[in-house]
1. Can you give me the ranges of the helices (runs of 4 or more DSSP H) entirely in the range 14-93 with at least 3 residues that are under 14 Å from residue 477 (Cβ atoms) and within 29 Å of the chain's Cα centre (by Cα)?
2. Given the conditions (1) crowded, with 17+ Cβ neighbours inside 10 Å; (2) in contact (Cβ under 8 Å) with a residue 60 or more places away in the chain; (3) in contact with a helix residue (DSSP H, G or I) (Cβ under 7 Å, 6 or more places away or on another chain); (4) over 30 Å from residue 342 (Cα atoms), which single one is not true for residue 225?
3. Listed residues 159, 153, 178; which is touching a helix residue (DSSP H, G or I) at 6+ places or on another chain (Cβ under 6 Å) and free of Cβ contacts under 8 Å to residues at least 40 places away in the same chain?
4. Which one of the conditions (1) surrounded by fewer than 23 Cβ atoms within 10 Å (Cβ to Cβ); (2) away from the ligand (no atom under 16 Å from the Cβ) does residue 477 fail to meet, given that it meets all the rest?
5. Looking at 546, 496, 542 in this structure, which one is without any contact (Cβ under 8 Å) to a residue 12 or more places away in the chain, under 30 Å from residue 178 (Cα atoms), out of contact with any strand residue (DSSP E or B) (no Cβ under 7 Å at 6 or more places or on another chain) and surrounded by fewer than 21 Cβ atoms within 10 Å (Cβ to Cβ)?
6. Name the one entry in 139, 110 that is closer than 18 Å to residue 282 by Cα and either more than 22 Å from the chain's Cα centre (by Cα) or crowded, with 22+ Cβ neighbours inside 10 Å (or both).
7. Grab the strands (runs of 3 or more DSSP E) fully contained in the range 498-615, keeping just those with 1 or more residues being within 30 Å of residue 459 (Cα to Cα) and out of contact with any helix residue (DSSP H, G or I) (no Cβ under 8 Å at 6 or more places or on another chain).
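Read-outs throughout are calculated quantities, based only on the coordinates presented, and are distinct from any laboratory measurement. Fair warning: this is a prediction, and the values are worked out from it, not measured in the lab. Note that each Cβ is placed from the backbone with ideal geometry, even for glycine, and that neighbours are counted across all protein chains shown.
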Ligand code: WTA
């Protein structure tokens, strides 16, 4: 983050006390911090009491083989029982679990009793298809109830799911299926996006062909939900319709208990190298962490609140705060399939008005988009049901915070700015809505039971008023256990930087203000944050270089008003490539589509500049900092370490003519 932004942040002095009424009735009060500090493990053991355990644990944390953690050792439980069955057993079967809203306007209310039947049917179907505990299942679905049901059914039978975001390409899907050796893929014919059906099954078909060619085939079946009714190619050997096998299965299914450390899911996330990391989460600690934080940070009152998290289940936010945490807490929530502007730009606000949503969780990139569209759109709806707003995915800039607070929250709702990661599984740094006075742009302090600090290069905590690296100082229940099949990379990536101190290195820059509140400053590695989605520069460079016309590529994340960062690529063509191409513009369009094909539409560069050279140090390292200056229209910084100092003049001149 630039110096300018840093100084802007340090002049931010506004702060908003919790509303008195909310504070008085808050689920979690200020004493939670002291209780957790006094005995952190006893605190987490108490939180574990929110769940039904089939067998109690004998030890809260086994850290003897750090950084490989075991939480709630010896405990056994079933996640689906905890998220569904027990609410029905407690007499809450008629409560709505999901208010589903399809993009075309179709709706479905699913009660906990109905969800129990659906999940049980799906679990029976998975077992009939030969899925056993420990098997991997890939899920590639739109935001429809079956996505939630499929995840819970996997958890119920002890299969490990990997949900692949529906916006990812066939190639990205193939590499994930192959990496985790999925035995089953659950998909749909398609889903609705921006007013039209968008196909999914063809990408699965293509992915399987690719995997077959690579001789890594272990996918035995593809289970297909009919959503859009569009035509699909059908392979009778492996394809089965959901409505045929699931709907025909019995709604009675016994949920067996699994060990607290049984693998629950793998979520692939971008790292600093090209290959995505398979982040592994397990059963007991993950559910304790997500259920507690959802209860504490959203001040959830399951009997009266209506909750809505706008994330996709293909991301960690959807896993932790649509599926597992909220359902473990017995929430009533909205599940929306589509985009915010279909069929009109007030769609989200219309949904809030209709379902009287009280707790709303979204991302800064969405808020900035709504700011651009203007307040007259949300002003046209009754948003008075809202009582609390949440933000996640990237730092929320103070302007966006104030707009969110004022226009959406009617100046009465507290905002919880929640910092966490795919790796942490649960929120780590966030205000408690009934306790903390929120400052626009700060995630404030570590939650009770969580240890976070900002340290310098040497791992020494910086004094208030200074910046450094964000670290997590204590293990936490929903921490990632490892990277699938790569313990060494797990240790290297997160635990080697501050090995001596035993700190987890988050990869984020941060600053402590004079009161000790934490301000996140963005990634310190080569990971970009595009609309709250993590993509690595290397990953996109590799995709570009895989195009036959590209010799070399450098990618930077440039500040972008709406998406936070935007992808800007600098490409050197192979000799003669430009002469072959009729026009540079056409080639640029082709390269953008190529990246979309390799990774997915979210990875499409905002702009691609065709350049004769890239700025490199004498040791050959690309100086992305300089390219970022060009991308952000700044005067180019210090070029004295460049091997060839003329390069930047050439690039800057080219950039002016090509954007
Ligand atoms: C960033 C998403 C500032 C951060 C849950 C982190 C944030 C990365 C915030 C993780 C926030 C997330 N303030 N930055 N409230 N929330 N980030 O794995 O850089 O998709 O490391 O998890 O997003 O992204 P991931």
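1. 40-48
2. Here residue 225 meets the rest and fails (4).
3. Values: 159 fails: touching a helix residue (DSSP H, G or I) at 6+ places or on another chain (Cβ under 6 Å); 153 fails: free of Cβ contacts under 8 Å to residues at least 40 places away in the same chain.
Result of the check over 159, 153, 178: 178.
4. (1)
5. On the way: 546 fails: without any contact (Cβ under 8 Å) to a residue 12 or more places away in the chain; 542 fails: without any contact (Cβ under 8 Å) to a residue 12 or more places away in the chain.
Criteria check complete, one pass: 496.
6. Residue meeting the stated conditions: 139.
7. Of the strands (runs of 3 or more DSSP E) lying wholly inside the range 498-615, those with at least 1 residues that are within 30 Å of residue 459 (Cα to Cα) and out of contact with any helix residue (DSSP H, G or I) (no Cβ under 8 Å at 6 or more places or on another chain) span 504-512, 518-523, 527-530, 533-536, 550-560, 564-573.
One line per residue, one yes/no per condition, for (1) closer than 28 Å to residue 446 by Cα; (2) surrounded by 22 or more Cβ atoms within 10 Å (Cβ to Cβ):
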position: 312; (1), (2): yes, no
position: 320; (1), (2): yes, yes
position: 355; (1), (2): no, no
position: 360; (1), (2): yes, yes
